[in-house]
Each structure stands twice: as structure tokens, then as C-alpha cells.
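Just so it is clear, none of the values below were taken in a lab; they were calculated from the coordinates. For clarity, every value in this text was computed on a predicted model and none was experimentally measured. Ideal geometry is used to build each Cβ from the backbone, glycine not excepted, and the neighbour counts take in all protein chains shown.
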Amino acid sequence: MPELPEVETTRRGIAPLLEGMTVAGVVVRQRRLRHPVPARLDASLRGRSIETVTRRGKYLLLHFHHGTLLIHLGMSGSLRVLPADTPPQKHDHFDLVLDKGRCLRLRDPRRFGLVLWTRDDPARHPLLSKLGPEPLSREFDTDHLAAQAKGRRVAIKNLIMNSQVVVGVGNIYASEALFLAAIHPARAAGKISRARLEKLVAAIRQVLRAAIRAGGTSLRDFTDSEGRPGYFRQKLKVYGRAGEPCPRCGAPIRQKLIGQRSSFYCGSCQH
DNA sequence: CAAAGGTCCTGCTCGC
DNA sequence: TGCGAGCAGGACCTTT
């Protein structure tokens, strides 16, 4: 589930507890995630120190002197820092055991998440190398989105959820941003005026920033690194609100599948 | 049987 | 015919 705000919330929670810490060991209870957890992780990491914790799109990067641990939370993943002797629950697949008796624990019921190790520049890793710009960076601007949209017949909602176009925008925030920009989610990307794409860029930034401020959105699984839910759910304007009145015009919010994903929008004021 | 916050892969169509 | 880009659909997995 986690989209950019939830991953960033997680990063901010774990970074101060991880940076500078030494790895005492690795425990893998289930290595069958989206990709298999590497077999020799313990040998690679034991005794090594975590330098920094960064984020690229929805990936978390734990930087060591000799490489980088990539973690993705998939649809249902969460990370917590716990006492290392906390009994693992059913879907607690991976622990990075730290010194001072703590561990970083990955829980991921659906196992769409990921733990990988790379010794090379992570930006060149196949999973990261083709990612588009960060939505909160300068690189993501009207010129960029207009260039990506040009000539494309794909629904605008699918375009902004394409990580090669811009990273971090998932199913919740795509619906929310399109509502704020008053753009119909199924509209062909290439048929939207530059002025309206400019509004969409601003809307994506605005909704992601506000969600980070609120600690993300919790629908079911997601909690931050201390086990607390995020509070942005209360601020969602359309996502999960089918049948409720549009906050702008009062018409009922609709729910429809676009590109296999549930999409929420106002059929009256989004065009 | 349906749906859930993600992403990758396959195979089709279209235009050059 | 061949090739690449763009796009739709399916696959992965568990729980509610």
C-alpha cells in the first residue's frame, strides 16, 4: 500500500534509529518475496554500519560503506524498530538485527515487497535506473509532465502512476491529485492542456506534502515505524468515498476501474 | 467471487 | 517484414 508519503514517513521514523548503528546479524524467516531475499546477506552485513537511510520513489535505501540494502514495502509492507527479542508474528519475514538489542523488522502479508543487496551505485540498479523524477523535486515540473503526456492516449491517472514518468504516486494519491486539479482520471493524457497539466503538477506536490505532514494514510496494514497509523485518511477528498457528496460541487463521488485499479472521482466537476 | 496501498512481464497493435 | 513504443491484461500473494 505504501505510496511515497508512507515510505517517507517510515524513513523518517527509522533513520535516526538506524544511522550509525552496526548490524549484529540478519534473520530471514521467509525469503520468497517479490524477489528472493539474497542468501548471503548475513555474511555481507554482520559487523557493518549503516551510514544513511534515504528514499528513492517507494524504495528505501540503507547505505553501507560497501553497498546498499534496498527495501520495498509492496502493497502491504511495514517496517518497525523493535527489541530484538520481540516474538515474530506470522508475516514478519525479515529482521536486520542491530546492536543495543534492537532490530528492524519487515512485516509484509502479501509478500509483494523486496529486500535486495547491491554493491554498486544503487541509482544504476535495474529496479531504480529507469525511475522518473521525484515529485517533490525541481525536476518534476510542467515541462516534464507535458513532454511525457505528449501524444499519449493512456488515461492520465495511469500516466501519473507510471514510475518512469514520476515516482511515488500510487492509487490513492493519483485519485486525490486529479480531484484537486479537476481532471477526469480517464482523460487521455495527450489531450490535456498545458495549463491543466501545470495544475496537476501542483496538485500532486500539494497532496503528497500534506500526506507526509500527516504521517501518511492508513487503510489497513500500514503503520509507521512505531506502529502508529497515518492520519491522512481523514483528509482524503475522494478516495474510498464512493457515493458521498463531492466536496466541491456536491455531486456523488463515483468509483470506476481504470487500468485495473479502483478510481474515485467526481463525474460532475472533473473533466 | 471481489477487492486491497505495487510493479513486472507478456503479447498485442500501430506507425514508420 | 522488422522493429520499437505504447498500452492492456495478467501475474505475484494473503486477508477480509
Legend entry - Fewest-first sequence of A:Asp108, A:Asp99 by Cβ atoms within 10 Å of each Cβ: A:Asp99, A:Asp108
Legend entry - FRET efficiency, A:Thr54 to A:Arg153 (Cβ-Cβ, R0 35 Å, nearest 0.05): 0.50
Legend entry - Mean residue ellipticity (222 nm) of chain A, computed from DSSP H runs ≥ 4 via -39,500 (n - 2.57), nearest 500: -7000 deg cm²/dmol
Inset, instruction - Please identify the helices of chain A, taking whole runs of DSSP H, that span at least 15 Å along their own axis as judged from the Cα atoms and have a mean Kyte-Doolittle score of -1.0 or higher. - result: A:4-18, A:194-213
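Under the classification rounded if a/c is under 1.5, otherwise prolate if a/b is larger than b/c and oblate if not, where does region A:4-124 fall, given a ≥ b ≥ c as square roots of the Cα gyration tensor eigenvalues? Kindly include the intermediate steps, with their values, before the conclusion.
Numbers: a/c = 1.19, a/b = 1.04, b/c = 1.14.
Here region A:4-124 falls in the rounded category.
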Inset, instruction - List the residues whose amide H sits under 5 Å from the amide H of A:Ile253, counting only those 5 or more places along or on another chain, with H placed 1.01 Å from N in the peptide plane. - result: A:Gly243, A:Glu244, A:Cys246
Inset, instruction - Percent of Cα-Cα pairs per 10 Å bin, from 0 to the last occupied bin, for region A:33-100, please list those. - result: 16, 50, 33, 1
Inset, instruction - Collect residues whose amide H, placed 1.01 Å from N in the peptide plane, falls under 5 Å from the amide H of A:Tyr59; neighbours closer than 5 in sequence don't count. - result: none
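If you stretched the chain out fully between A:Arg110 and A:Ala202, how much longer would it get, using 0.36 nm times the residue separation minus the C-alpha to C-alpha distance?
Roughly 29.8 nm would be gained on extension.
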Inset, instruction - Quick one: order A:Val81, A:Val115 by neighbouring beta-carbon count within 10 Å, fewest to most. - result: A:Val81, A:Val115
Legend entry - A:His35/A:Met75 FRET efficiency (R0 22 Å; Cβ-Cβ; nearest 0.05): 0.90
Legend entry - P(r), alpha carbons of chain A - 10 Å bins starting at zero, rounded %: 7, 29, 32, 20, 10, 2
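In what sequence do A:Phe264, A:Phe112, A:Phe179 fall when counting other Cβ within 10 Å, fewest first? Could you put the intermediate results ahead of the total?
Numbers: A:Phe264 24, A:Phe112 15, A:Phe179 27.
Ranking A:Phe264, A:Phe112, A:Phe179 by Cβ neighbours within 10 Å, fewest first, gives A:Phe112, A:Phe264, A:Phe179.
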Inset, instruction - Step through the residues of region A:249-262 one at a time and calculate ³J(HN,Hα) from phi using the Karplus curve (6.51 cos²θ - 1.76 cosθ + 1.60, θ = phi - 60°), rounding each to whole Hz and writing x for Gly and Pro. - result: 10, x, 5, x, 5, 9, 10, 8, 7, 10, x, 6, 10, 4
Legend entry - Distance violations [Cα-Cα > 25 Å] among A:Lys90/A:Lys237; A:Lys157/A:Lys191; A:Lys157/A:Lys199: A:Lys90/A:Lys237
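Can you tell me the FRET efficiency between A:Arg248 and A:Arg228 if r is taken as the Cβ-Cβ distance and R0 is 41 Å, rounded to the nearest 0.05?
Working: r = 31 Å, r/R0 = 0.75.
Between A:Arg248 and A:Arg228 the formula returns 0.85.
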